[in-house]
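A short write-up of the structure that comes next.
The values are calculated or read from the model by the stated rules, or taken from the named source; none is laboratory data. Predicted model, so just to flag it, every value in this text is computed and none were measured. All Cβ positions, glycine included, derive from the backbone under ideal geometry; neighbour counts span all protein chains shown.
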């Protein structure tokens, strides 16, 4: 099958092309929402670090949440924001991403959003993620580096990241009932993407 022989659908209504193969996809908040609690604290911490100064006392971030992001490899990453409301939850909200431009981390996307850093005037497209623990070193060693077992901490381990640092969507398979998960990377994705096999941006 040769992808160029088929007509290009173009972007879905309301999508935003971020360049370099990244595309924000709806659903999206119609209006900016005040974000408080642990989510608000994580966003506030990120903005303060980027700005290099503390926000005014009592200030809370306001963002318009996006539900989905298409990656350059053709995968579509979803978020807890919309999936939590669905009857059938698809395991496509977990990601592998670069931390500090070097280390690999795993996270569960809560939602995507955009924010302008005032001192540069630059708009950033971001993801609020719940970060999994680093893989258990003993399990990793015993499996000869083939099994990554991580713990999930929910709202106790939130972090804001640039969407450009996301490398791929992954699966997180629960192990027992103690909050541990096995990382399942989608093998063969690069080959599939080269052959034109990718997720449909027009599907929900």
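Residue 107 meets each of the listed conditions (1) surrounded by 13 or more Cβ atoms within 10 Å (Cβ to Cβ); (2) modelled with pLDDT under 95; (3) touching a strand residue (DSSP E or B) at 6+ places or on another chain (Cβ under 8 Å); (4) over 14 Å from residue 70 (Cα atoms) apart from (2). Taking (1) out of contact with any helix residue (DSSP H, G or I) (no Cβ under 6 Å at 6 or more places or on another chain); (2) modelled with pLDDT of 95 or more in turn, residue 38 satisfies each apart from (1). Only a single criterion out of (1) in contact with a helix residue (DSSP H, G or I) (Cβ under 6 Å, 6 or more places away or on another chain); (2) free of Cβ contacts under 8 Å to residues at least 60 places away in the same chain; (3) in a strand (DSSP E or B) is not satisfied by residue 125, namely (2).
Any chance the stretch 116-133 includes a residue that's in contact with a strand residue (DSSP E or B) (Cβ under 7 Å, 6 or more places away or on another chain), over 26 Å from residue 28 (Cα atoms) and surrounded by 12 or more Cβ atoms within 10 Å (Cβ to Cβ)? Among the residues of the stretch 116-133, at least one is in contact with a strand residue (DSSP E or B) (Cβ under 7 Å, 6 or more places away or on another chain), over 26 Å from residue 28 (Cα atoms) and surrounded by 12 or more Cβ atoms within 10 Å (Cβ to Cβ), which makes the answer yes.
If you go through the stretch 134-163 and keep only what is surrounded by fewer than 20 Cβ atoms within 10 Å (Cβ to Cβ), part of a helix (DSSP H, G or I) and touching a residue at least 60 places away in the same chain (Cβ under 8 Å), you end up with 155, 156.
Looking across the stretch 33-78 at every residue that is without any contact (Cβ under 8 Å) to a residue 40 or more places away in the chain and surrounded by 19 or more Cβ atoms within 10 Å (Cβ to Cβ), the one that is farthest from residue 23 (Cα to Cα) is identified as 35. Restricting the first member to the stretch 4-24 and to residues that are closer than 15 Å to residue 74 by Cα, and the second to residues that are at pLDDT 95 or above and assigned to a helix (DSSP H, G or I), the beta-carbon pairs closer than 6 Å and six or more apart or on different chains are 22/163. Of the residues making up the stretch 155-191, those that are at pLDDT 90 or above and either at positive phi or within 14 Å of the chain's Cα centre (by Cα) (or both) number 15.
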